[in-house]
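**Q** Structure in structure tokens, see below.
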Amino acid sequence: MVHFKQFENGLKLVVNQMPSLMSVTMGILVYTGASVETDEEDGISHFIEHMMFKGTKKRTAFQISDEMDKIGAQVNAFTGKDMTCYYAKSTTGHAKEAFDILADLFLNSTFPENEIAKEKDVIIEEISMNEDTPDDLCLDTLSRAFYGTKGYGRNILGPRKNIEKFGKNDILAYMDKRYLPDNMVISMAGNIDVKLAENIVEEHFSVLEKRCCKREPVKVELKGKSLYKKKDIEQVHIAIAYPTVKRYDELFDATQIMNAILGGSMSSRLFQTVREDLGLAYTVYSYTSTYCETGALAVYAGVNSEKYIQSAEAIYRCINELKNKNISEDEFLRGKEQLISSQIFAQESTSSQMLLFGKELLYRGKIYNFQNRVNQISSVTLKDVLTAVEANFDEKYKATAIVGAVNKALQ
């Protein structure tokens with residue numbers, strides 16, 4: 001059973017009751033992230049996410065984690081390009097207590113100056129870790145090569161110089177623009193009473209004033225660049241991106257099936273060719289990142305440094321074969337089943353359901369419907385997938401990134 005309620009201040013609540021379970025995941029989703037930041041704000045969405053756990057008017061940072069641990073609950077958060085999510089997972093019997101703590105850190109964080117100073121060092125170490133992790137660095141470089149340095153091209157962590165200068169006033173100013181009821185969704189999935197869910201949300205979030213967030217489309221200017229980072233490491237990391245369909249485009253599902261065929265599984269062309277047949281990579285895959293205004297289809301591989309050109313050529317061969325539309329009925333059906341099964345598997349996870357329902361409501365203002373979703377995927381034809389091939393792989397905007405002991409970019 002799915003329940004929806006919109007409160008007087010504009011906040012939306014969606015509850016997916018899963019009575020056969022013994023737990024619940026509760027999330028607060030905010031429609032904000034790296035893509036909506038200005039140059040001066042670059043990195044602040046992620047910085048705020050960290051600072052939310054550093055103490056409230058009635059709980060210290062330790063008490064937040066200690067009280068969650070005492071009831072066996074989990075609490076965490078993450079920041080993306082266009083969403084920040086704070087969530088807690090607990091047993092059904094401790095749902096109210098867990099949500100009380102989650103709501104407290106979200107609504108009543110005090111952002112102490114001494115904690116801000118300490119967390120700056122933590123995030124700067126996170127930036128260093130990211131730069132020392134070649135696959136992460138490669139994909140961040142690819143994002144910059146594809147989108148540039150603004151909008152969806154921004155690194156979620158932000159630059160060191162911004163982190164060093166952020167203060168409490170910067171946090172409060174940004175939250176005053178973005179952390180508004182009509183720009184947020186509370187999503188719950190699991191074994192929780194609907195009335196209890198409504199009551200605890202009303203109890204904590206009715207204090208928020210009814211205000212509207214000024215949402216504007218993210219400006220997208222595809223760059224189509226080729227970038228490289230020279231690092232003295234054993235492997236060479238390769239990433240290639242092409243424009244793809246937007247989130248919720250009519251060809252979205254067909255594109256997902258096409259991606260499954262290209263590099264979304266162990267039976268995919270990339271895996272079978274680059275790893276199994278040629279033995280050039282341990283890791284090779286493709287994926288899509290879609291947003292309201294745009295999308296990217298990317299391929300990543302970590303390969304032998306002496307054979308990275310050969311590896312890139314093998315990847316391009318797989319892409320070119322797909323562009324020639326030689327997709328078999330068997331490949332198509334296998335890709336479709338993978339997409340359907342991913343929806344079914346998500347049905348068995350409260351965390352996945354919380355995000356599915358939360359994102360659908362946050363991005364589209366609609367209630368996620370599992371059966372409709374499966375029906376949409378089931379209705380995709382091989383012809384649709386072949387049409388999706390035409391909508392991808394625009395060489396004009398192709399971007400590449402390469403990290404390793406190299407002296408030039410990958411073309």
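**Q** If E115 meets every condition in (1) open to solvent by 40 Å² or more (accessible area, probe 1.4 Å); (2) part of a helix (DSSP H, G or I); (3) more than 21 Å from S351 (Cβ to Cβ) apart from one, which number is that one?
**A** Unmet for E115, out of (1) open to solvent by 40 Å² or more (accessible area, probe 1.4 Å); (2) part of a helix (DSSP H, G or I); (3) more than 21 Å from S351 (Cβ to Cβ): (1).
**Q** Same structure again: Taking only pairs six or more apart or across chains, which ones have beta-carbon atoms under 7 Å, a first residue in the range 63-74 that is farther than 16 Å from A95 by Cβ, and a second residue that is part of a helix (DSSP H, G or I)?
**A** Filtered contacts from the range 63-74: I64/I101; I64/L105.
**Q** I'm trying to understand the selection: among the residues of the range 291-325, which are closer than 23 Å to M258 by Cβ and either aromatic (F, W, Y) or free of Cβ contacts under 8 Å to residues at least 24 places away in the same chain (or both)?
**A** Y291, Y300, E313, Y316, N320, N324
**Q** Working carefully through the options K359, K336, find the one that is among the charged types (D, E, K, R), open to solvent by 50 Å² or more (accessible area, probe 1.4 Å), touching a residue at least 40 places away in the same chain (Cβ under 8 Å) and assigned to a helix (DSSP H, G or I). Steps first, please.
**A** Working: K336 fails: open to solvent by 50 Å² or more (accessible area, probe 1.4 Å).
The conditions single out K359.
Every residue, every condition in (1) touching a residue at least 24 places away in the same chain (Cβ under 8 Å); (2) farther than 30 Å from K70 by Cα, yes or no:
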residue	(1), (2)
E119	yes, no
E131	no, yes
D136	no, yes
R144	yes, yes
G148	yes, yes
L157	yes, yes
K161	no, yes
F166	yes, yes
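**Q** Tell me, which residue of the range 118-154 that is in a loop (DSSP other than H, G, I, E, B) and under 22 Å from K396 (Cα atoms) is nearest to the chain's Cα centre (by Cα)? Before you say what the answer is, go through the steps one by one.
**A** Looking only at the range 118-154, we keep the residues that are in a loop (DSSP other than H, G, I, E, B), and these are 132-133, 148-150, 154.
Restricting the remaining residues to those that are under 22 Å from K396 (Cα atoms) gives 148-150, 154.
Values: G148: 19, T149: 18, K150: 17, R154: 14 Å.
This residue is R154.
**Q** Still on this structure, please answer the following. From (1) farther than 27 Å from V220 by Cβ; (2) exposed (fewer than 13 other Cβ atoms within 10 Å of the Cβ), pick out the condition that doesn't hold for A346.
**A** (2)
**Q** Is at least one residue of the range 174-182 without any contact (Cβ under 8 Å) to a residue 12 or more places away in the chain, of a type in the set (D, E, K, R) and farther than 30 Å from M22 by Cα? Full working, then the answer.
**A** Looking only at the range 174-182, we keep the residues that are without any contact (Cβ under 8 Å) to a residue 12 or more places away in the chain, and these are 176.
Retained after the next criterion (residues that are of a type in the set (D, E, K, R)): 176.
Next cut, farther than 30 Å from M22 by Cα only: 176.
Yes; the residues of the range 174-182 include at least one that is without any contact (Cβ under 8 Å) to a residue 12 or more places away in the chain, of a type in the set (D, E, K, R) and farther than 30 Å from M22 by Cα.
The values are calculated or read from the model by the stated rules, or taken from the named source; none is laboratory data. Computed from a predicted structure; not experimentally measured. Note: ideal-geometry Cβ built from the backbone for every residue, glycine included; neighbour counts use all protein chains shown. These accessible areas exclude ligands, DNA and RNA; they are computed on the full protein's heavy atoms, side chains included. Shrake-Rupley method; radii C 1.70, N 1.55, O 1.52, S 1.80 Å.
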